[in-house]
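Student: Sharing a structure below in structure tokens format, with a few things to ask.
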Amino acid sequence: MGAEHARLLDREVSGVQLQAIFDIDSAQGAAVASQRRGARTFEDPLALIRAADIDAVLVASSDGSHEELVLAAIAAGKPVLCEKPLAPDIEGCQRILKAELELGRRLVTVGFMRRFDSGYRDLKSGLDGGGYGAALLVHCIHRNRSAAAGAPTETLITGSAVHEFDILRWLLDEEPARITVLKPRSSRRSLPTEDPLLLLVETTSGVIADIEVFVNTGCGYEVRCEVVAEQGSLSLDAPSPIVVRRDGGVVKELPSDWRPRFVDAYRRELQSWVDSLAAEPSADLASSWDGYAATVAAQAGVRALRAGTSQEIALGTRPALYAGATPADKEQP
Ligand code: ISE
């Protein structure tokens, strides 16, 4: 993912110069830097963050390393875009929120790129302005062709469904309130990982979203979303650039993983972030509060998975620094 961000920043995002790369695999870091105009490598990510000629930082390292690197960027007063999750644990997210609140300004953006996907944006603009009435149900499908063998079942929630937790907040403009995790029969291809899972999320206004997460389909990468409202429904299907006809059949090609499926969303997200460095952040860029909210929902999902009972999602009061971010405080219909 870091290499893909480096490619986009170097080749497809304006107003930015990729200067430096750190990768825990130094050979991989050197290989990426060699393909990028003028980028040098660092052996220490904290030295990179603190370097005088570095104005902003993008973190795409392992989930557990995010907190330290984001806190270092805040301490250096540098804007930072951190890939999801902001931190895998609630306490880590709270330490980041505390550091930003003490600084008194927002420096952190979290990489929930689906907010910049044209399909999701059409879904949201249709919901917001199309006269469909209140949303009632949301059906989500999130399928990976394959995941790391033996990945902990929790990662279906913390690493994959975390995208749905954020996009539901953004689409519906309200908070999740409760989560239940159902475990259907597991695919033998996935064992010992319990895969797929079916998550039920209820929002504060009573909308119920069902989220199928299946990370070893063996078919291809597929994300779908349908919002069912009082006067109609809006559905985002898996876009397919081509339909292949051969051997007497018709094949709708599926991408191999999320990078080709969301490449335009990543590019728009990065361009919006770079543009925000010299101006006001776009309301669509996810803040550290959004990152915290997604992790709170994910950890409630992990508790629900383990306990077999539904769990409350309690975010607490959003600080004024994050007012105007999603979701807007709005009267329930
Ligand atoms: C991966 O880490 C991502 O963030 C992708 O967007 C998601 O679709 C995939 O399931 C995750 O494993």
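The values are calculated or read from the model by the stated rules, or taken from the named source; none is laboratory data. Keep in mind that what you see is a predicted model, and the values were worked out from it rather than measured. Cβ coordinates were reconstructed from backbone atoms using ideal geometry, including for glycine residues, and neighbour counts include every protein chain displayed. Each accessible area value is taken on the protein alone, full model and side chains, heavy atoms only, with ligands, DNA and RNA left out. Shrake-Rupley method; radii C 1.70, N 1.55, O 1.52, S 1.80 Å.
Student: Could you pull out the residue among G206, G232 that is open to solvent by less than 60 Å² (accessible area, probe 1.4 Å) and within 21 Å of A304 (Cβ to Cβ)?
Tutor: Unique residue meeting the criteria: G206.
Student: I would also like to ask the following. Restricting to segment 231-253, give me the number of residues that are closer than 26 Å to V213 by Cβ and modelled with pLDDT under 90.
Tutor: Within segment 231-253, the subset closer than 26 Å to V213 by Cβ is 233-241, 251-253.
If we keep only those that are modelled with pLDDT under 90 as well, we get 237-241, 251-253.
Within segment 231-253, residues that are closer than 26 Å to V213 by Cβ and modelled with pLDDT under 90 number 8.
Student: Next up: Considering only segment 255-285, how many residues are open to solvent by less than 80 Å² (accessible area, probe 1.4 Å), out of contact with any Leu (no Cβ under 9 Å at 6 or more places or on another chain) and within 13 Å of the ligand (Cβ to nearest atom)?
Tutor: Here the count works out to 6.
Student: Then there's this: Can you name the residue in segment 71-84 that is in a loop (DSSP other than H, G, I, E, B) and of a type in the set (G, A, S) and, of all such residues, is nearest to L101 (Cα to Cα)?
Tutor: Selected residue: G77.
Student: Quick check: is even one residue across segment 5-25 buried (at least 18 other Cβ atoms within 10 Å of the Cβ), farther than 30 Å from K98 by Cβ and of a type in the set (G, A, S)?
Tutor: Within segment 5-25, one or more residues are buried (at least 18 other Cβ atoms within 10 Å of the Cβ), farther than 30 Å from K98 by Cβ and of a type in the set (G, A, S).
Student: Filter segment 120-167 for residues that are more than 13 Å from the chain's Cα centre (by Cα), assigned to a helix (DSSP H, G or I) and of a type in the set (V, I, T) and give the result.
Tutor: Selection gives T155 alone.
Student: Would you mind finding the one in R224, R188 that is of a type in the set (K, R) and exposed (fewer than 14 other Cβ atoms within 10 Å of the Cβ)?
Tutor: On inspection, the qualifying residue turns out to be R188.
Student: Something else: How many residues are within 16 Å of the ligand (Cβ to nearest atom) and either in contact with a helix residue (DSSP H, G or I) (Cβ under 6 Å, 6 or more places away or on another chain) or open to solvent by less than 60 Å² (accessible area, probe 1.4 Å) (or both) if we restrict to segment 124-154?
Tutor: 10
Student: With (1) in a loop (DSSP other than H, G, I, E, B); (2) open to solvent by 40 Å² or more (accessible area, probe 1.4 Å) as the list, and A87 as the residue in question, which single condition is left unmet?
Tutor: Here A87 clears every test but (2).
Student: In segment 217-236, what residues are away from the ligand (no atom under 16 Å from the Cβ) and part of a loop (DSSP other than H, G, I, E, B)?
Tutor: Matches in segment 217-236: E230, Q231.
Student: Among the residues of segment 97-110, is any more than 22 Å from V296 (Cβ to Cβ), in contact (Cβ under 8 Å) with a residue 40 or more places away in the chain, in a helix (DSSP H, G or I) and of a type outside the set (F, W, Y)?
Tutor: So far as segment 97-110 goes, no, none of its residues is more than 22 Å from V296 (Cβ to Cβ), in contact (Cβ under 8 Å) with a residue 40 or more places away in the chain, in a helix (DSSP H, G or I) and of a type outside the set (F, W, Y).
Student: If I filter segment 95-123 down to residues being open to solvent by 50 Å² or more (accessible area, probe 1.4 Å) and either of a type in the set (A, V, I, L, M) or in contact with a helix residue (DSSP H, G or I) (Cβ under 7 Å, 6 or more places away or on another chain) (or both), which single residue comes out as farthest from E226 (Cα to Cα)?
Tutor: Among residues in segment 95-123 that are open to solvent by 50 Å² or more (accessible area, probe 1.4 Å) and either of a type in the set (A, V, I, L, M) or in contact with a helix residue (DSSP H, G or I) (Cβ under 7 Å, 6 or more places away or on another chain) (or both), the one farthest from E226 (Cα to Cα) is L103.
Student: Here is a follow-up. Among residues belonging to segment 197-216 that are part of a loop (DSSP other than H, G, I, E, B) and more than 17 Å from D166 (Cβ to Cβ), point out the one that is nearest to the ligand (Cβ to nearest atom).
Tutor: V215
Student: Would you kindly identify the helices (runs of 4 or more DSSP H) lying entirely within segment 1-70 that contain at least 2 residues that are in contact with a Phe, Trp or Tyr (Cβ under 7 Å, 6 or more places away or on another chain) and more than 16 Å from the ligand (Cβ to nearest atom)? Walk me through how you get there before you give the answer.
Tutor: On the way: elements: 2-11, 26-34, 45-50.
By residue number, 45-50.
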